[in-house]
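Let me begin by presenting the structure, written as structure tokens, before commenting on it.
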Amino acid sequence: MTFREDGAAALEWAARYLDRVGDFPVLAQVEPGDIRTRLPAAPPEHGEPFAAVLRDLDEVLLPGITHWQSPRFFAYFSNSAAEPGILAELLAATLNSVAFIWRTSPASTELEALTLDWAAQLLGLPSGWHGHIEDTASISTIAALAAAREANGGRVVVCSEEAHSSVERAARLLGLETRKVPLDGEFRLDSAAVDLTDAAALVATVGTTSTTAVDPVPALADACEAAGVWLHVDAAYAGSAWVCPEFRWSKAGGERADSLVVNAHKWLFTPMDCSLLWTRRPETLRAAFSLVPEYLRTSDEAESLSDYGPALGRRFRSLKLWAVIRCYGREGLQKRIREAVRLAEVFEGLVRAEPGWEVCAPRAFSVVCFRTSGSDAENEELLTRANKTGELFISHTKLDGRYVLRVAIGNERTTEADVRRAWDVLRRTSGRLSKSA
């Protein structure tokens, strides 16, 4: 087989997979070690045809895939890869650009800057901010906190009890202490309890992982400005919603951030990995990271994006986001985000209308936190059994010490029928648990 023939077969496999992804069990129905034991322990002595790879993908690997592309994947946050981004990922891999510096990949470097400008315009961010792409918000947070340490020499990172775990991990890597602030009654950081003594940075979250709560960014910006502390806004999930004017209330104060992150691979339908990091103080990120060895020194008077983050080698990530923005446009992105929010409202209504169930947190975007009136153990068993059906995949959190279920809607393929089917599975499973008690 030739590259063209194998490529056509791979593309056909991808198209067929997307056509039938809703037919697979959403959560992989395997046990640890099952996949590895079905594969050879040693590499082949002689090359095999690519058709053998596709065969084993179908027969061996697919049973071990948890289908993030499924319309009934409701766990964590949605990670929906749209077709334009998938095709652009293939093209980026074909070009195999490595953007050490501008010279090694002018197109990648310049398209990244342009695409971040486009995204900033779509989200209503201030003009003139410097943007670049990291792989995930975890690395974007490391970059932001390293810049904060560079800026003021502080030794503490302040964040809420609901801040993403990547904040604490970044602080550990950078030799910084984490100081967690308690929450208010709506699971937001309590600005009255903030202590910025010795702080390098304060991380405010727009769309917390558990409940998608929005921290009081304007008040936190006031406090940071008065104390000379770096303000980093983590809008990894909810920032994408700013493409819709009706959700820009959650952006208030964000224009005063020193750095801000939005994950395009969450709710802008771009394949993993594509985390967008903006800053109004690029010179500080450059001071924290720029280190140019002799072999990379050139006479080019052009920006190298590796000067603004931890990685030297950089993939052509902007190509897939650029493709998604071009093929969907503002209108297409708005349509998909609004539909996800509408479907979350439908699900929330079903929970509220059902005796013995409760909504456990305000719904700001497309995540619903809920539970039955049973014990924590019963709710945990409900989640386990519902996920084992393969008809859906949901996750959980703890709020006020209670075990709470989460449905996170964001996949562009999800329909109201999928949402209602998930609710039926949960009600049916809960009913069986009650009868067996």
- Query: How much accessible surface does H396 have with a 1.4 Å probe, in Å² rounded to 10?
  - Reply: 90 Å²
- Message: Suppose the chain between L173 and W13 were pulled fully straight at 0.36 nm per residue; how much longer would it get relative to their current alpha carbon spacing?
- Response: 53.5 nm
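Using unit Cβ charges (K, R positive; D, E negative) and no other charged atoms, how large, in debye to the nearest 20, is the dipole of the chain about its Cα centre?
On the way: 48 positive and 59 negative charges, 148 e Å.
Here the chain has a charge dipole of around 720 debye.
If I take every Cα pair under 8 Å that is 6 or more residues apart in the range 263-417, average their sequence separation and divide by the length, what percent do I get for the relative contact order?
Numbers: 158 pairs, mean separation 28.7, N = 155.
Relative contact order, the range 263-417: 18 percent.
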- Message: List the lysines whose Cα sits under 17 Å from the Cα of K398, skipping any in the same chain fewer than 8 residues away.
- Response: K180
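Send over a whole-number figure in Å² for the accessible area per residue of the range 112-247, probe 1.4 Å. Don't skip to the answer; put the middle values down first.
Values: 4670 Å² over 136 residues.
Value for the range 112-247: 34 Å² per residue.
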- Considering only the other residues whose Cβ falls under 12 Å of the Cβ of G175, what net charge follows from Lys and Arg at +1 and Asp and Glu at -1? +2
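For the range 253-367, with every protein chain kept in place, what is the accessible area per residue (1.4 Å probe, Å²)?
Working: 4910 Å² over 115 residues.
Roughly 43 Å² per residue, with all protein chains present.
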- Query: Taking the simple approach of a point 7 Å from Cα along Cα-to-Cβ for both A226 and S373, what is their distance in nm?
  - Reply: 4.6 nm
- Exposure of D222 as accessible area (Å², to 10), given a probe of 1.4 Å and all protein chains: 90 Å²
- Item | Counting DSSP beta bridges with both ends in the chain, the antiparallel % (nearest 5) | 55 percent
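Kindly report the accessible area of the range 1-62 per residue (heavy atoms of protein chains, probe 1.4 Å, no ligands, DNA or RNA), in Å². Mind dumping the intermediate values first?
On the way: 4700 Å² over 62 residues.
Accessible area per residue, the range 1-62: 76 Å².
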- Expected field for W102, accessible surface area in Å² at 1.4 Å probe radius, rounded to 10, holds 70 Å²
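Please list M272, M1 in order of solvent-accessible area, largest first, computed with a 1.4 Å probe with all protein chains present.
Numbers: M272 95, M1 155 Å².
The ordering from most to least exposed comes out as M1, M272.
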- When the accessible area of the range 242-340 is computed with all protein chains present and a 1.4 Å probe, what percentage of it is carbon and sulfur? 49 percent
- Query: How big is the Rg/Rh ratio for the chain, C-alpha atoms only, Rh by Kirkwood, two decimals?
  - Reply: 0.98
- Item | Centre separation in Å (Cα based) which lies between the range 1-49 and the range 123-197 | 39 Å
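I'd like the FRET efficiency for R248 and A311, computed as 1/(1 + (r/R0)^6) with the beta carbon distance as r and R0 of 30 Å, rounded to 0.05. Please list the in-between numbers first.
On the way: r = 31 Å, r/R0 = 1.04.
With a Förster radius of 30 Å, E is 0.45.
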- Share of accessible surface on carbon and sulfur in the range 56-102, whole %, 1.4 Å probe and ligands ignored, is 69 percent
- Message: Could you give the length gained by full extension between S434 and T415, i.e. 0.36 nm per residue of separation minus their alpha carbon distance, to one decimal place?
- Response: 3.9 nm
- Nearby lysines by direct alpha-carbon distance to K266 (threshold 20 angstrom, same-chain neighbours under 8 apart not counted): K251, K320, K335
- Task: Using only the alpha carbons of the range 110-255, determine the length spanned along each of the three principal axes and report them from longest to shortest in whole angstroms.
- Result: 38, 34, 27
- Item | Stretchable slack from E59 to I35, in nm (0.36 nm times residue separation minus alpha-carbon distance) | 7.6 nm
- Taking 7 Å along the Cα-to-C-beta vector as the label spot, tell me the A42-R330 distance in nanometres, rounded to one decimal. 6.2 nm
- Item | Dipole-positive endmost among A264, G239, A200 within the range 165-271 (Cβ charges, Cα centre) | A264
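What are the semi-axes of the equivalent ellipsoid for the range 1-147, taken as the square roots of 5 times the Cα gyration tensor eigenvalues, largest first, in whole Å?
Values: eigenvalues 233, 96, 60 Å².
Gyration-tensor ellipsoid for the range 1-147: 34, 22, 17 Å.
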- Show I337, I86 ordered by accessible area, largest first, where the area counts protein heavy atoms only and the probe is 1.4 Å. I86, I337
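At a 1.4 Å probe radius, which order do W322, W423 fall into by accessible area, largest first? Mind showing how you got there, number by number?
On the way: W322 65, W423 10 Å².
The residues order as W322, W423, largest area first.
The values are calculated or read from the model by the stated rules, or taken from the named source; none is laboratory data. Keep in mind that this is a model prediction, so the values were computed, not measured. Note that each Cβ is placed from the backbone with ideal geometry, even for glycine, and that neighbours are counted across all protein chains shown. Heads up: the accessible areas ignore ligands, DNA and RNA and are worked out on the full protein's heavy atoms, side chains in. Shrake-Rupley method; radii C 1.70, N 1.55, O 1.52, S 1.80 Å.
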